[in-house]
Structure formats: C-alpha cells, structure tokens
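This report concerns only the one structure given below.
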Amino acid sequence: MLKKILLSFMLLSVFILCGCEKQEEQTDKLAEIKARGHLIVGVKYDTKPFGFVDGDNVLKGYDVDLARALAGKIFGNEKKVVFKQVYPHNRISKLNSGEVDLLIATMTITPQREEVVRFSKPYYTVGQAIMVPKGSPIETIANLNGKRTIVVLGTTGEKNLRRFAPEARVLGYKTYEQAFQALRDKRAMAFTSDDTILSGFAQDYPEFVILPQRYTKEGYAIAMQKGESTDSLAADIDNILDEMTRDGTLVYLKHKWVPSDSDKEILSKRIKRQIK
Ligand code: GLU
C-alpha cells in the first residue's frame with residue numbers, strides 16, 4: 001500500500017514538473033516583450049547605410065530607424081528599443097540564445113537560415129554586387145576565378161561567390177570595416193557583398209566603383225526565434241510591415257537612407273531652389 005502511495009506521489013510530481021516546464025517553453029515572446037516594456041534588437045554597427053555609427057558616435061541607419069518605427073507601433077513610443085551590435089557570423093547565436101528579441105541586420109532570407117530562425121516578410125530587396133578599384137580589369141564575377149576576392153564571413157556574399165566563381169581565392173573577414181580596409185590595402189582584386197552595403201563605402205570612397213551587374217535578388221527580413229513562442233510576434237510584425245507599406249514608412253526609409261539618383265536630383269533641385 002505504502003509503495004503504491006509513493007509511486008502515485010512520484011508520478012504526480014513528474015506530471016507537475018513536466019507541466020511547468022512545458023509552460024515555460026511556451027512563453028509568448030510578444031507578451032514577454034510587452035511586459036518588459038522595450039524591444040531588444042540586434043543591428044549592425046558597421047554597415048552603412050543600414051546600421052552604422054557616425055562621426056558623432058550616434059548609431060543610425062535604415063535598420064535602426066525600422067526598429068524604432070516597430071517600437072513606435074508596439075509601444076506607441078519609438079524610444080522603447082535597446083540596440084545590441086551583431087555581426088553576420090554571430091547574429092543567429094545571439095538571437096537563439098535570447099540575447100536579442102529580433103535581428104534587423106541586413107539579413108537575407110535563405111532556406112538554410114529558415115531551418116534555424118523565423119523570418120518576417122521581406123522589407124527590402126538587394127542584389128549581390130562586386131566592388132573594385134576604378135580602372136580595374138575585372139568586369140564580371142567570372143573574372144574573379146583564380147583572383148583574390150574579399151567577403152564577409154557568414155554572408156550570402158561568401159556563398160554566392162563560391163557558387164558563381166568557384167575558383168576565386170576567398171579572403172574572409174568578420175566585419176565590413178576589416179573587409180573594406182583589406183580592399184583599400186590592395187590585398188585582393190575585389191570585394192563582393194550586397195549592392196546597398198557596397199554603395200555605402202563607394203559613396204565615401206569614390207576611388208572604388210560597383211560593377212553594374214547584379215547576381216542575385218535577395219530579400220532582407222526581420223529574424224526571430226523559431227517555434228510557437230514567436231507565433232504572435234511574427235504575426236504582429238508582418239501586420240506592422242504591411243501597415244508600413246501602406247502608410248509609406250518603408251518608402252520614406254528607402255528615400256532617406258538609400259536615395260536613388262532621381263531622389264538626389266529632386267533633393268538638390270529643392271536645395272538649389274531654397275538657396276535662390
Ligand atoms: N544580406 C547578406 C546576408 O544576409 C549580407 C549582409 C549581411 O550579412 O549582413 O548574408
């Protein structure tokens with residue numbers, strides 16, 4: 001009899017413990033964020049114009065503004081966001097360890113990444129490009145076969161280069177700063193990455209040019225942890241992105257951070273008019 005009571009007690013304890021654990025596993029991320037009162041977002045600090053630190057030590061860029069706009073929609077206050085620096089090689093581990101709630105970090109949706117994170121809908125489209133010094137003999141990605149070429153480790157740029165120019169001699173760096181510095185130091189013939197990111201460097205260093213061809217079409221998306229805990233967060237974020245498409249926020253951010261030549265023309269005409 002005593003044995004039976006003991007056994008039932010043990011079974012009951014196991015049942016209660018498992019139940020609690022299960023409840024903990026299923027914590028709703030959106031509820032957790034709301035209870036905390038702010039978002040924790042992983043962004044880049046070296047990827048102009050998406051996430052970068054300017055000369056006055058201020059963090060800014062498209063992804064930074066998008067995170068603020070998101071906080072504005074969730075909390076009614078754009079300041080309710082804490083930023084943490086991430087790099088392509090460590091962003092997924094920072095997300096999956098819970099250090100950040102979201103990654104808004106020039107991150108392309110890929111099937112391999114979809115195995116380990118959950119993506120929102122895309123908010124921006126880019127293409128793989130090549131940057132070379134002005135006057136370089138390199139004209140296409142195929143010309144990079146047998147040549148030293150710079151990539152940032154863990155990026156789609158690295159993967160695409162290995163696919164489109166399998167004989168290229170790949171020089172990998174952990175940060176965009178190091179990668180661009182290597183190009184300036186003439187350690188390679190070219191640097192390949194997203195056109196948007198390379199444009200950020202080409203704007204500041206006109207001795208480099210971006211070749212006209214694009215080799216991929218990639219969508220940037222917001223990444224969150226996979227699983228049921230982010231079901232409501234993911235649905236909310238997709239709704240907010242739809243709203244941002246409708247109310248013009250995404251177009252505004254594009255014009256602000258990645259102005260096309262026609263935007264620049266309109267801007268300069270406006271400035272000239274103002275000066276007159
Ligand atoms: N968008 C590319 C990627 O997700 C390159 C930029 C980056 O890694 O941040 O790999």
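The values are calculated or read from the model by the stated rules, or taken from the named source; none is laboratory data. Worth saying up front: this structure is predicted, and the values here are computed from it rather than measured. Cβ sites come from the backbone with ideal geometry, for glycine too, and all protein chains shown count toward neighbours.
With respect to (1) more than 19 Å from ASN239 (Cβ to Cβ); (2) charged (D, E, K, R); (3) modelled with pLDDT of 95 or more, the lone exception for LYS80 is condition (1).
Can you find a residue in region 163-178 that is hydroxyl-bearing (Ser, Thr, Tyr) and within 11 Å of the ligand (Cβ to nearest atom)? Yes: one or more hits. Please give the number of the condition LEU66 fails out of (1) over 23 Å from ARG246 (Cα atoms); (2) crowded, with 16+ Cβ neighbours inside 10 Å. Among (1) over 23 Å from ARG246 (Cα atoms); (2) crowded, with 16+ Cβ neighbours inside 10 Å, LEU66 violates only (1). Would you confirm whether or not region 224-241 contains a residue that is at pLDDT 95 or above, hydrophobic (A, V, I, L, M, F, W, C) and not in a helix (DSSP H, G or I)? Yes, that holds for at least one residue. In region 118-132, is there at least one residue being of a type outside the set (Ser, Thr, Tyr) and loosely packed, with under 13 Cβ neighbours inside 10 Å? No, the conditions are met nowhere in region 118-132. Which of the residues that make up region 15-63 are modelled with pLDDT of 95 or more and assigned to a helix (DSSP H, G or I)? Scanning region 15-63 gives LYS29, LEU30, ALA31, GLU32, ILE33, LYS34, ALA35, ARG36, TYR62, ASP63.
Of all the residues that make up region 91-115, how many are in a loop (DSSP other than H, G, I, E, B), surrounded by 15 or more Cβ atoms within 10 Å (Cβ to Cβ) and more than 9 Å from the ligand (Cβ to nearest atom)? Qualifying residue count for the region: 3. Inspect region 154-161 for any residue being buried (at least 23 other Cβ atoms within 10 Å of the Cβ) and more than 14 Å from the ligand (Cβ to nearest atom) and give the result as yes or no. Looking for residues that are buried (at least 23 other Cβ atoms within 10 Å of the Cβ) and more than 14 Å from the ligand (Cβ to nearest atom), one finds none in region 154-161, hence no.
Before we move on, is GLU139 charged (D, E, K, R) and either away from the ligand (no atom under 11 Å from the Cβ) or in contact with a Ser or Thr (Cβ under 7 Å, 6 or more places away or on another chain) (or both)?
yes
Assessment of region 74-81 against the conditions (within 14 Å of the ligand (Cβ to nearest atom), acidic (Asp, Glu) and under 23 Å from GLU243 (Cα atoms)) yields no matching residue. Of the residues making up region 64-89, those that are out of contact with any strand residue (DSSP E or B) (no Cβ under 9 Å at 6 or more places or on another chain) and assigned to a loop (DSSP other than H, G, I, E, B) are GLY76, ASN77, GLU78, LYS79.
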